[in-house]
Amino acid sequence: MFDSVYKVIELVGTSDKSWEDAAKQVVATAGKTLKDLRIAEIVQQDMKIENGKVVAYRTKVRLSFKFEKE
């Protein structure tokens, strides 16, 4: 039987390379302070455009992690 509780947050990662790299940045950064990351779900992707050129990729990620029991 499972008796776990998970918190879900949304974070936005940015990259000048790709949406995938932006998502990896979210997981890498969140993993430094959050324990027991479980699921990363891509919610939205967009691009920043300057002077008619793509200068950044942004990926919104829904990330879940397990709450530890006290």
Matching residues in region 1-12 - criterion: being modelled with pLDDT of 95 or more and either of a type outside the set (Val, Ile, Thr) or at positive phi (or both): Glu10, Leu11
List, please: which pairs have Cβ atoms under 8 Å, are six or more places apart or on different chains, and start with a residue in region 6-20 that is over 13 Å from Lys48 (Cα atoms) and loosely packed, with under 15 Cβ neighbours inside 10 Å and end with one that is of a type in the set (A, V, I, L, M) and at pLDDT below 95? none
State which residue pairs qualify: first residue on the phi > 0 side of the Ramachandran plot and inside region 42-59, second residue at pLDDT below 95 in any location, beta carbons under 9 Å apart, and separation of 6 or more residues or different chains. none
Can you pull out every residue in region 13-39 that is assigned to a strand (DSSP E or B) and at pLDDT below 95? Leu37, Arg38, Ile39
Selection within region 60-70 - surrounded by fewer than 15 Cβ atoms within 10 Å (Cβ to Cβ), in contact (Cβ under 8 Å) with a residue 12 or more places away in the chain and either among the polar types (S, T, N, Q) or not in a strand (DSSP E or B) (or both): Phe67, Glu68
In region 21-33, which residues are farther than 17 Å from Met47 by Cβ, surrounded by 15 or more Cβ atoms within 10 Å (Cβ to Cβ) and among the β-branched types (Val, Ile, Thr)? Val27
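The values are calculated or read from the model by the stated rules, or taken from the named source; none is laboratory data. Treat the numbers as computed from the prediction; the structure is a model and nothing was measured. Heads up, the Cβs are rebuilt from the backbone with ideal geometry, glycines too, and the neighbour counts pull from every protein chain shown.
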